[in-house]
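Notes to accompany the following structure.
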Amino acid sequence: MLRIRELSVHYGGLCALDKVSIDVEAGQFVAIVGPNGAGKTTLFKAISGTVGPSGGTIEYKGRDLLAVPPHQRPALGIAHVPEHRQVFPSMTVLENLQMGAYAPAAAAQWKRSLELIYELFPILAERGTQLAGTLSGGQQQMVAIGRGLANVPELLMLDEPSMGLAPAVVDMIFDRIQQIHKERELTILLVEQRAAEALESCDLGYVLETGRVAMVGDNQQLLNDKRLQQSYLGL
Amino acid sequence: MEFGIFLEDAAQALATGILVGGAYALMCVGLGIIFGSMRVINFAQGDFMMLGMYATYYLATSALVGVFGLYAGPAVAALLSGPILFAFGWLLHKTMISRVTGARVADMDGGGGYAQLILTLGIGLVLQNGGLILFGSTPIAVLTPLSRQSWEVGTVLLNQARVVAFVAAIGIAALVNLFLTYSRIGRGLRAAADNPVAATYMGVDVTKAHRIAFSLGVAVTAVAGGLLASSQSFQPYIGIDFVIVMYAGVVLGGLGSIMGAFWGGLTIGLVQQLSTLFLPYQLQNTTIFLVFLLIIFFWPQGMFGRVSERT
């Protein structure tokens, strides 16, 4: 579904991604783990088009994604749930969710999408008219994920959904992501610093270090890897 | 006896203030749309209003709008100046403003703010002096019989041209607010204003959203100018006075809020007229400066300041 080949991104003279190659098959749950500054968020921005790569290719469903303008990528079925949630603070919860259905195809299914989002996160139904900027971090994360789902995506990209949240809330969010993946057979690309949780959920994992793919494997391979256990899993 | 006269004057100033405030509110909404969605410091807004006044003047005296008669003609002309200035704003954004705004300048010195300041000041100067060449320096007004007729409510005289302008201004401000609140494009504009990057992830073309916001803001202020033109004489330099009025209104209302810009503008109109009770007529803009300073000093977030985001 998503084929990234030798993707490089430079910020000025700084190399953020160095010839990264990643594959995501339809229906897969792929996790990308790694420390701060490994280039995880940059990778997502390159897929969404808010950062321009200096080299390499991104193919989505056989199509050259880099030739598609950033604002037209959501209509292809790519939903990006960004780092730090980035809800629209002065808009209501309902308006935020509706922004996810901005593309015409998603707008046509908006009513059904909203039901599904409220089923997944019932608290949002109660908060519909509240300004998203006044929600707690966990609720904002639910809005951000719900907003992504409103796009009726085929590929859901989640950038550090656990960031800054209480442990109980993190568990709940990860449960819901698993649920979305299993029940709707949605393809998921997850970026996380919490390597243990992310690798347990995934089919395939990549370890990104200083802009390079340091390791790749299925979850058992990675969870049992000695070096990985020491540096990321705290075992 | 003395006090009775003062009360009559006060009632008159209050009524005039509210009527004038309607047009001020609308012009502030125009600036508010631009500042709220693009964060552009735009010093040419007063000159866009001046263009709206001249567009209204030439339309009102043209054969085309002449068919609406002396009464409805000027109002129709003011409304028609909107689409004309919308197109002007569109071109201006496409050729110049977009070069110093949006993603392109996010990492420029001061977020592109300096470039925006210089550019809009420059545009303002070109429009003012271009206006002198094209329109001449003689003050003119859009003449309508309504300007010289009043309705009497008790001892208060309501100038009919001002009443028409007030009603039209409130109506347009309400329409603009409905558009921004409930339409798909309006939601897209507000999302792009809140967070341009996240809006892109939703599928909003942020450059286009900014272009629509800028053109709409120019058009709304131009119509406000056109409505004002039947009760106020103008020349190509009138924008300088009004850009101050607009910023005072927008800041008073709370930067980034359209509702705030509306109420702020109305308040400024009221303050300007009420000041004539105590101060010579020539000092009415001084009061606006004073209010502006007081707001910044004591109440910088304004009436409808933005909600702050929890972190």
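The overall shape of the protein assembly as shown is prolate: from the C-alpha gyration tensor, with semi-axes ordered a ≥ b ≥ c, the ratio a/c is 1.5 or greater and a/b exceeds b/c. Summary of packing: across the peptides B:37-44, B:281-288, the per-residue average of other C-beta atoms within 10 Å ranks them, highest first, as B:37-44, B:281-288. Compared with the dominant Cα axis of chain B, that is its longest principal axis, helix B:258-275 is turned about 30°. Taking Lys and Arg as +1 and Asp and Glu as -1, the other residues whose beta-carbon sits under 14 Å from that of A:Tyr118 total +2.
Bridgeable aspartates and glutamates around B:Lys208 (alpha carbons under 18 Å apart, same-chain partners fewer than 8 residues away excluded): B:Asp194. Checking the a/c ratio against 1.5 first, then a/b against b/c, what shape does the Cα gyration tensor give for segment A:150-217? Oblate is the answer for segment A:150-217, as a/c is 1.5 or above yet b/c matches or exceeds a/b.
Dipole check for chain B: with +1 at the C-beta of Lys and Arg, -1 at the C-beta of Asp and Glu, and the Cα centre as origin, the magnitude is about 920 Debye. Summary of packing: across the peptides A:59-65, B:151-157, A:74-80, the per-residue average of other C-beta atoms within 10 Å ranks them, highest first, as A:74-80, A:59-65, B:151-157. Taking a ≥ b ≥ c as the square roots of the eigenvalues of the Cα gyration tensor, segment A:123-166 is oblate, since a/c reaches 1.5 or more and a/b is not larger than b/c.
The angle between the Cα long axis of helix B:2-38 and the longest principal axis of the Cα atoms of chain B comes to about 20 degrees, rounded to the nearest 10. Taking the Cα centre of segment B:73-202 as origin and assigning +1 to Lys and Arg Cβ atoms and -1 to Asp and Glu Cβ atoms, the resulting dipole is close to 240 debye. If you take the charge dipole of the protein assembly as shown about its Cα centre, with +1 on Lys and Arg Cβ and -1 on Asp and Glu Cβ, which of B:Leu119, B:Phe262, A:Asn96 is farthest toward its positive end? Selected residue: B:Leu119. Each 10 Å bin from 0 upward holds the following percent of the Cα-Cα pairs of chain B: 6, 27, 35, 22, 8, 2, 0. Pairs of Cα atoms nearer than 8 Å and 6+ residues apart set the relative contact order; for chain B it is 37 percent. In segment B:134-289, taking the dipole from charged Cβ atoms about the Cα centre, the farthest positive-side position among B:Gln235, B:Leu279, B:Ile170 is held by B:Ile170.
Peptide B:177-190 shows a mean partner chain C-beta count of 2 within 10 Å per residue C-beta.
Between the helical axis of B:238-253 and the longest alpha-carbon principal axis of chain B there is an angle of about 70 degrees. For A:Lys61, a cut-off of 26 angstrom between C-alpha atoms picks up these lysines, skipping any fewer than 8 places away in its own chain: A:Lys19, A:Lys40, A:Lys45, A:Lys182. Remark: the protein assembly as shown carries a charge dipole of roughly 820 debye about the Cα centre, counting +1 on each Lys and Arg Cβ and -1 on each Asp and Glu Cβ. Residues whose amide H comes within less than 5 Å of that of A:Met215, counting only those at least five positions distant or on another chain, are A:Val207 (H built at 1.01 Å from N in the peptide plane).
Where a number appears in this text, it was derived from the coordinates with a stated rule and is not lab data. Keep in mind that this is a model prediction, so the values were computed, not measured. Note that each Cβ is placed from the backbone with ideal geometry, even for glycine, and that neighbours are counted across all protein chains shown.
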